[in-house]
1. Could you pull out the longest piece of the chain with no exposed loop trypsin sites (Lys or Arg not before Pro) in it, calling a site exposed if DSSP puts it outside H, G, I, E, B and it has at most 12 other Cβ atoms within 10 Å?
2. Bin by bin, in steps of 10 Å, what percent of the Cα pairs in the chain do you find, going until the bin that has the longest distance?
3. Region 118-168 to region 72-114: how many Å between their Cα centroids?
4. Can you pull the one-decimal nm distance between simple spin-label points at ASN232 and SER46, each 7 Å off the Cα toward Cβ?
5. Work through the residues other than ALA53 whose Cβ is under 15 Å from its Cβ and net out their charges, Lys, Arg +1 and Asp, Glu -1.
6. Please list, in order along region 26-43, the HN-Hα scalar couplings obtained from phi with the Karplus expression 6.51 cos²θ - 1.76 cosθ + 1.60 (θ = phi - 60°), rounded to whole Hz, x for Gly and Pro.
7. Apply the Karplus curve 6.51 cos²θ - 1.76 cosθ + 1.60, θ = phi - 60°, to the phi angles in region 9-22 and return the couplings in whole Hz, x for Gly and Pro.
8. Hey, any idea what % of region 87-217's accessible area is carbon plus sulfur with a 1.4 Å probe?
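The values are calculated or read from the model by the stated rules, or taken from the named source; none is laboratory data. Small disclaimer: the values here were computed from a predicted structure and weren't measured. Neighbour counts run over all protein chains shown; Cβ positions are idealised from the backbone, glycine included. Note: areas computed on protein heavy atoms with side chains; ligands, DNA, RNA excluded. Shrake-Rupley method; radii C 1.70, N 1.55, O 1.52, S 1.80 Å.
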Amino acid sequence: MTGATGQLGSALLNHLKGSDYKIKMTSRRKPEGTEDFEWVYSDLLSGEGLDEAVKDVDVIIHAATSPMKNSRLIEVLGLERFLGKLQHIKHFIYPSIVGIEEIPFKYYKLKYEAEELLKNSSIPFTIVRATQFHGFVESLLLSKPLFKRYVIPGSMKFQSVDVDDFATYLIDFIHKGPQGRTDDFGGPEIMLLREMPEQKIKINNETNKVLSIPLAGKLYKSFVDGKNTNCNQKTGRITFEQYLRNKKA
Ligand SMILES: NC(=O)c1ccc[n+]([C@@H]2O[C@H](COP(=O)([O-])OP(=O)(O)OC[C@H]3O[C@@H](n4cnc5c(N)ncnc54)[C@H](OP(=O)(O)O)[C@@H]3O)[C@@H](O)[C@H]2O)c1
């Protein structure tokens, strides 16, 4: 499992604790509280540690990513180099994102390129596209009220999903075997972004208010149009409200 210290990586490790699988995990920082698993330092940018990481491995869940820094070098070129070392791998599981070909965002274009690389390789694979994680939406858009106001483009739509739901879904593919590109994995409900801080305010008894502002541009419009959602795949169980309540508890 790559990306052991990330949001998805941590959730995967939590769910894999106590399983019969023999697990090797990789990242550059060493994850805490994971003494049950073997950790190998590896860097997708320099290639350091990758040979050791994939030695004697049958299945890879590739949860490493870098959306902000060196994103092409890691998501596409790093993956290409990585795939070159995986001729012995029986199954490569790649988490991707819903709507990437319809949303004009650089990182999403790279995810699409990475999917194509994988499809054109000889390695048996499963690609599962998920919607944005609850924690990701919260930390990106709802973490810092400005003068006691969540200032947000409230008409954007999200169908956020709990990372634990997604992690357990991905783990099932280990024994299902390679499935190619699967159905999308979406959260249980599609919400307007402005509804999300309203829930946060209610649950945490905050005195903050919500100030919704429109934005210009194609990227904003694609989220207003819900291109990042899939109303036919409300597969996740934990709602955003439940996620907030669990976090508070
Ligand atoms: N976040 C979302 O809302 C969302 C939604 C759907 C799908 N996904 C997909 O799920 C996957 C995991 O996303 P995430 O949100 O869990 O990511 P994340 O929290 O940003 O974690 C990224 C992981 O990649 C590792 N990493 C970064 N640079 C690296 C490098 N140069 N070499 C090796 N490892 C490196 C990081 O560990 P170190 O820094 O310790 O190396 C970290 O463990 C991605 O493919 C993402 O596209 C995410």
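1. Details: sites that count: LYS17, LYS22, ARG29, LYS55, LYS69, LYS148.
After excluding every exposed loop site, the longest remaining stretch is 149-249.
2. 7, 30, 35, 21, 7, 0
3. If you average the Cα positions of each part, the centres end up 17 Å apart.
4. Computed distance between label sites ASN232 and SER46 equals 4.7 nm.
5. Numbers: positive: LYS22, LYS24, ARG28, ARG29, LYS30, LYS55, ARG81, LYS85; negative: GLU38, ASP43, GLU48, ASP51, GLU52, ASP56, ASP58.
Overall, the nearby charge balance is +1.
6. 10, 4, 8, 8, 7, x, 8, x, 10, 5, 5, 10, 7, 10, 10, 5, 8, 10
7. Once θ is set to phi - 60°, the couplings for region 9-22 become x, 5, 5, 4, 4, 4, 6, 8, 4, x, 7, 7, 5, 8 Hz.
8. Values: 3300 of 5950 Å².
Of the solvent-accessible surface of region 87-217, carbon and sulfur hold 56 percent.
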